[in-house]
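Only one structure is covered here, and it is reproduced in the block below.
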């Protein structure tokens, strides 16, 4: 009597559950992988965007710094020009003021020397010398008192005057008064030459 093998019926539920579990795990793995990729890509874009923004900020700051430096250089140039103009203006004022008073001294001395020539005994050379010396010294002192009222380069204008100017003017005055070919015009011309030299020396002293 043939016995038929009885096929035992297997319950498919565990197998299906395992397969489903594997499928779910694979899905989760894929989902996690996709998520990680998205996170990586997002971070990469964010980092790139931040880096680009940072570079732009640095470029803008460098540009602003360059503009600031350029503006500072321009301002420095303007200030230098202003200072130079002021220096030149002060120099011109000191120059003009000194020249004016030296010219006044020349004209005063010219008139006083004519009076000495006319009114005094010109033969007494020593007496005339004392009088001329006194007149020239007084004019020089008067001029210095006027120069003390103004300053240039932190010094009084009188500091730019030379003491030998007195002797120079006295010599010119005496030589002119006792010249054989004396005339009032020649006296003026000689004084003009001497005072022109003094004025030029004054200008040079201002520039030292």
Review point. How do 130-142, 111-123 rank on mean C-beta neighbours within 10 Å, highest first?
Key: 130-142, 111-123
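By per-residue mean of other Cβ atoms within 10 Å, what is the highest-first order of 176-186, 99-109? Walk me through the numbers before you get to the answer.
On the way: 176-186: 12.0, 99-109: 16.8.
Packing proxy ranking, top to bottom: 99-109, 176-186.
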Practice item. Mind giving me the nanometre distance, one decimal, between the label points for residue 92 and residue 149, set 7 Å out from Cα along Cα→Cβ? Key: 2.2 nm
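A short reminder: the numbers here are calculations on the coordinates, not readings from a lab. Note that this is a predicted model, so its numbers are computed, not measured. Note: ideal-geometry Cβ built from the backbone for every residue, glycine included; neighbour counts use all protein chains shown.
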